[in-house]
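The values are calculated or read from the model by the stated rules, or taken from the named source; none is laboratory data. The shown structure was predicted, so the numbers you read here are calculated from the model rather than taken from an experiment. No Cβ is skipped: glycine too gets one built from the backbone with ideal geometry, and neighbour counts run over all protein chains shown.
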Amino acid sequence: MNSFGFEIQKDNTIEYDKNDLSLAAFVLRHEPSLYNCIQCGSCSGTCPASAISSYQFRKMQLLMRRGETKHLREDVAHCMLCGKCILVCPRGVNTRNVIRQIRIALNMN
Amino acid sequence: MKFNLFVLPFTIGLLVLFSILTAKYIRWFLSLSTDQRDAVIKNFFTLKTLSGLREIFLESLLHRNISRKNRLLGYMHMSLAFGWFLLIIVGHFESYSYFKTALEPPYIPIFLRYFQQDSLADPLQVIYWFVMDLILLFVLSGVALAWYKRHNRKHFGMKKTTRHLPADRIALSVLWFIFPLRLLAESITSAIYGGGSFLTSGLGSLLENNIASDLSFIASWWAYSISLGLFFVFLPFSRYMHIPTELVLIMLRNWGATKYTGKIDGITQFEVHSCSSCGICLDSCQLLELGHANIQSPYLFRNFRGNKLSDTVVQNCLMCGRCETTCVVGIKTNSVRRAIRQNSDVEVNHDYLRHVDTSFNSSPDVLYFAGCMTHLTPGIKKSMQAIFKAAKINYALVDEDQNICCGRPMMLSGLAEQSLAMVNKNKELFENSGAQTLVTSCPICYKVFRDEYNLNIEVLHHTQYIDRLMKEGKLALAKSEEQVVYHDPCELGRNSGVYDEPRRVIAALANLSESPANREKAWCCGGSIANAMLTSLEKKELAISALGKIVPKNTMTLVTACPLCKKTFASTGKHINIVDIAELVAVNLSAGKDKRRIWMFEKIESASI
Amino acid sequence: MRALKKEVVIIGGGPAGLEAADSLNKLGHAVTILEKEGKPGGKLSNWHKLFPDNVSADGILKQMVHKISGDIQLITNVKITKISREGTKHSVWFNEGKCIQAEAVLVAVGFDLFNASLKEEYGYGIYDNVITSAELESMFTGQKSLATVTGKTPERIAFIHCVGSRDEKVGFRHCSSMCCVTGVKQAIEIKKRLPAAEVMMFYMDLRMHGRFYEDLYLEAQEKHHIQFIRGRLSESSENPDGSLLLKADDTLAGSPIKVKADLMVLLLGFVPTDFHRKMGEEFGVEIGSDGFFSPCDAHLDTNSVKTNGIFVAGACTGAKSLEYTLADARSASLKIHEFLLQTTSANILN
Ligand code: SF4
Ligand code: SF4
Ligand code: SF4
Ligand code: SF4
Ligand code: SF4
């Protein structure tokens, strides 16, 4: 019994200063409308993939912008590109291009 | 042996051209799919070959399609192509009449006036001279027009014309020189040796005193030969590659070998190389309104040929198909773009679909698949449910609670292979139901279910289904005096060919007016799922502009048949009622009970503040 | 002062128009109010109680209407066709050929409520149990019963914030600023009437920015146990029993949420009227990106527009609470009074 709780428990602090923000910077540069997101959740509430999986566009891109990219590759693979999210976004975020740019960025890595 | 050194540039050019063409064509033929190749073999010795040759004559030589767009433009193309063709053919006959053999080297008929300088006092020769002069004049008139067109394209019914690459420009300049040089060479020959007819001997007598000499005589033949040789060498590397390739494409098409396979194959190559960059399709592209001026099909094809594709040129397109219906060569621009977009490197993981339950606890006759978009236009969904109920149909709404996208948005984005998990899951769902008919409200779903799912269930768009119910007398409807205009959605109209059913349904319910740009000429609403690059403001701009062009002054209601069109047009905030056909029918069924919701806007009164 | 008596026309007989009429009258001017409806009061006449203190809207309106007397003339059922100007005189034309002249015109046309059918995915006009905040008020005032369409007492009621506001997809990017507090006020009222009902608010941000509004928010939680779910409604569908299925992303919980509700109330945004557009197009009055009138100076002169002799007051320059609407109307009255004094002295000098 020499392991303390914090070793098994995951620390979920976002270490913003340590995180790599280059991926987010790439995506924002190629699809600046992402800057306008207000995290309203319209996209992820309407998303057919979110309804049946753990994927959420809203959360995924927010985490990416905080440099939390560990699950990004896995997350972005869920999208079906149906385009519902674009139709409901009140801020005109070009969600499908955000997804495309994330995929491009990941492929370049 | 009839020979002179000056024929070498022409002969070498011709050999180079033939070797390159043969190499390329063999490569492309080898990359045909088995189906495509089988089609060629099966249909080679049939009437299809003849009809192909007929089409080549009508299109590649006479340029009938271009003439339909604009007479002058058609004449220009015809005089160059058909004229040149005649020069060669009649040249051969003339050559045969002198030398009585068909096995002359190919340069003989081309430089015939050099090799047959003497007058034979044969009336036939005079006739040949006259005919050849006439044909040359015909070709020269085309050259003159082509030159004039570079500077005054409006007279040719074109607002935009393609910007050309260096190789194209060189080939073009050389092409402009070929026929004037032939005229010069033949005229000087005539000045020195006599002969020729009204054109060459006429010009010859003008040149007789100052220009015609032994030196200018041979120099002019050299120049003519060099210009031909240069043109041949540049041809495979310029847009003029379309001249021979289009012939092959027409044959392949007639043999039924051009079916889209989902990837870049020999057919894609033949299609891409058949584009002459004529630019006739440019004016149909709505993205020009937004200033996106280098993504249109000819630019895509050219960049593909030159291996210089950029993300923008590939992706920034609505795949509305407007250019496809305008293309005078009949290139399947949408299929080519889709093939070019294919990218199997993109990782997609739809494993979560495994958990979706596809069992059915009812046994419906008809399945209704609303579609992703239709969940955002519940007016359409509810109207369809009311229609099923009124017609007493045993139906089931498949995607009530959760839905899997049909897969077409991914296919259009280049992820066709990756969409298979979705496709299969949906198929499983449809087939488990035991239903005979699948009805959908979304033209995007309709297109893919019908053309790519290989279902053994009949697939109908709701406009077709309503049309059928009306024919069968299952809906009690009455005509109203409402004035409406119909908008053909790209995916339903141009891309699926459904034009008449929607019109029949509307005409039975309201006064239908047609916008000038209807059917295959219809505008895209701008919301196309195939374009991920446009900003929301740009899409709105396209929608506003399209609305302005579609809706006549005295009409307040636009009827469409696509949830995406409906949403896109509605987001313009314009005071126009945007209504789906299903809603029009449902309101009619309810004897106008829901009328207020659909007709939100009455006529705006004039001149009141 | 009486000697200066001038004609002022006020377009709109809502709170702003009524308040300005009273002030201008007290400053010695003759005022005509042109009202498009059959009676004065504007949107206030359909409202039940006012935030944040629950006073009766009807009571307030009665006091305001009471002041219409003497030199204030009220013309109802007016349909204005044209406004023109010769020199310093304005002619306001209405109802087929009638005309009234004035030295100054005060535009106090207020706002429209967003047409909820335009947000189609919410189902207004399609699903029977989707109602608007205005319709809920008329349930409170007793014009309709507080029940579902089938007459059932609702067990769960969902309020949807920002319908027609903060949404570029319907063409209105602005925050209507009054709907959050209206929603919370209405939610509390429902709980007072139907204590057993469960009430939830779907919001993106709660903008409770006026004095005592936050107290209302606290009261909603503390006393009435109203649930606040941070997520914009994505879409709704109808269950076979006529109840609604709401789909949103519960952003704070980090998961999509599906909720059944018997009644769904859309908190409608404030949007410009047709009159705004026409005044902009035909009379050159400046319109802001939100479609409302833009006064000359957003800080120093909130009541003048670039066109001389035309003034604006109340919610027609953007959403305002009643408190600010009335203050703005009084400020406009002073501005008009100054203007009339100036034109008079200019006339005397001539
Ligand atoms: S709908 Fe738009 S604004 Fe809302 S969370 Fe999604 S991307 Fe952000
Ligand atoms: S495009 Fe992707 S993220 Fe957007 S709603 Fe469809 S599946 Fe979800
Ligand atoms: S498909 Fe449409 S958007 Fe694309 S190039 Fe052709 S006309 Fe333009
Ligand atoms: S695609 Fe067709 S119409 Fe367009 S430039 Fe090429 S050949 Fe001409
Ligand atoms: S006041 Fe509240 S509900 Fe109204 S628009 Fe602003 S944030 Fe939305």
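For A:CYS82, the requirement of being within 13 Å of ligand 1 (Cβ to nearest atom) and either buried (at least 24 other Cβ atoms within 10 Å of the Cβ) or under 25 Å from C:ILE160 (Cβ atoms) (or both) is not met. For first residues located in region B:404-417 and more than 10 Å from ligand 2 (Cβ to nearest atom), partners that are among the hydroxyl-bearing types (Ser, Thr, Tyr) and lie 6+ apart or on another chain with Cβ distances below 6 Å form the pairs B:GLY407/B:SER419; B:MET411/B:SER419; B:GLU417/B:SER344.
Taken over region B:294-318, the criterion of being within 14 Å of ligand 4 (Cβ to nearest atom) and either polar (S, T, N, Q) or not in a helix (DSSP H, G or I) (or both) is satisfied by B:ASN294, B:ILE295, B:GLN296, B:SER297, B:ASN303, B:CYS317.
For region C:206-248, name all the residues that are of a type in the set (A, V, I, L, M, F, W, C) and assigned to a strand (DSSP E or B). Listed by number, the residues that qualify are C:PHE228, C:ILE229, C:LEU233, C:LEU244, C:LEU245, C:LEU246, C:ALA248.
The conditions of being of a type in the set (A, V, I, L, M, F, W, C), away from ligand 2 (no atom under 16 Å from the Cβ) and away from chain A (no Cβ under 14 Å) are met by C:VAL149. C:ILE33 satisfies every condition listed in (1) in a strand (DSSP E or B); (2) surrounded by fewer than 22 Cβ atoms within 10 Å (Cβ to Cβ) except (2). Among the residues of region C:131-185, those that are within 16 Å of ligand 1 (Cβ to nearest atom) and among the β-branched types (Val, Ile, Thr) comprise C:ILE160, C:VAL163, C:VAL170. Of all residues in region B:218-240, those satisfying the criterion of being surrounded by fewer than 21 Cβ atoms within 10 Å (Cβ to Cβ), over 14 Å from B:ASP168 (Cβ atoms) and of a type outside the set (Val, Ile, Thr) are B:ALA219, B:TRP222, B:ALA223. Filtering A:SER50, A:SER3 for residues that are of a type in the set (S, T, N, Q), away from ligand 5 (no atom under 16 Å from the Cβ) and at pLDDT 95 or above leaves a single hit, A:SER50. For C:LEU233, the stated conditions do not hold, so it cannot be described as away from ligand 1 (no atom under 16 Å from the Cβ) and modelled with pLDDT of 95 or more. Within region B:111-119, can one find any residue that is within 19 Å of B:TYR224 (Cα to Cα) and under 39 Å from the mean Cα position of the chain (by Cα)? Yes: region B:111-119 contains one or more residues that are within 19 Å of B:TYR224 (Cα to Cα) and under 39 Å from the mean Cα position of the chain (by Cα).
Away from ligand 2 (no atom under 16 Å from the Cβ) and in the same structural domain as B:THR557 (by TED's automatic domain parsing), is that true of B:LEU438? For B:LEU438, the condition - away from ligand 2 (no atom under 16 Å from the Cβ) and in the same structural domain as B:THR557 (by TED's automatic domain parsing) - is not met. Within the span defined as region B:327-345, one or more residues are free of Cβ contacts under 8 Å to residues at least 24 places away in the same chain, within 30 Å of B:LYS427 (Cβ to Cβ) and either part of a helix (DSSP H, G or I) or more than 16 Å from ligand 1 (Cβ to nearest atom) (or both).
Taking region B:382-406 as the search range and keeping residues that are within 14 Å of chain A (Cβ to nearest Cβ) and charged (D, E, K, R), which one is surrounded by the most Cβ atoms within 10 Å (Cβ to Cβ)?
Residues of region B:382-406 within 14 Å of chain A (Cβ to nearest Cβ): B:398-406.
Checking which are charged (D, E, K, R) leaves us with B:399-401.
On the way: B:ASP399: 23, B:GLU400: 14, B:ASP401: 10.
So, considering only residues that are within 14 Å of chain A (Cβ to nearest Cβ) and charged (D, E, K, R), the one surrounded by the most Cβ atoms within 10 Å (Cβ to Cβ) is B:ASP399.
Please determine whether any residue of region B:479-488 is under 19 Å from B:SER284 (Cα atoms), within 30 Å of the chain's Cα centre (by Cα) and not small (Gly, Ala, Ser).
Going residue by residue through region B:479-488, those that are under 19 Å from B:SER284 (Cα atoms) are B:487-488.
Narrowing the set further to residues that are within 30 Å of the chain's Cα centre (by Cα) leaves B:487-488.
Going one step further and asking which of them are not small (Gly, Ala, Ser), we end up with B:487-488.
Within region B:479-488, one or more residues are under 19 Å from B:SER284 (Cα atoms), within 30 Å of the chain's Cα centre (by Cα) and not small (Gly, Ala, Ser).
Considered as a group, the residues in region B:407-446 that are among the small types (Gly, Ala, Ser) and under 21 Å from B:GLU491 (Cβ atoms) include one that is nearest to the other protein chains (Cβ to nearest Cβ), and that residue is B:SER413.
Based on this model, can you work out whether B:LEU318 counts as away from chain A (no Cβ under 14 Å), touching a Cys at 6+ places or on another chain (Cβ under 9 Å), away from ligand 1 (no atom under 16 Å from the Cβ) and at pLDDT 95 or above? When the stated conditions are applied, B:LEU318 does not pass them. Out of A:ILE38, A:ILE86, I need the residue that is in a loop (DSSP other than H, G, I, E, B) and among the hydrophobic types (A, V, I, L, M, F, W, C). Which one? Residue meeting the stated conditions: A:ILE38.
Counting only helices (runs of 4 or more DSSP H) that sit wholly inside region B:199-282, those with at least 2 residues that are β-branched (Val, Ile, Thr) are B:214-234, B:242-254, B:266-273.
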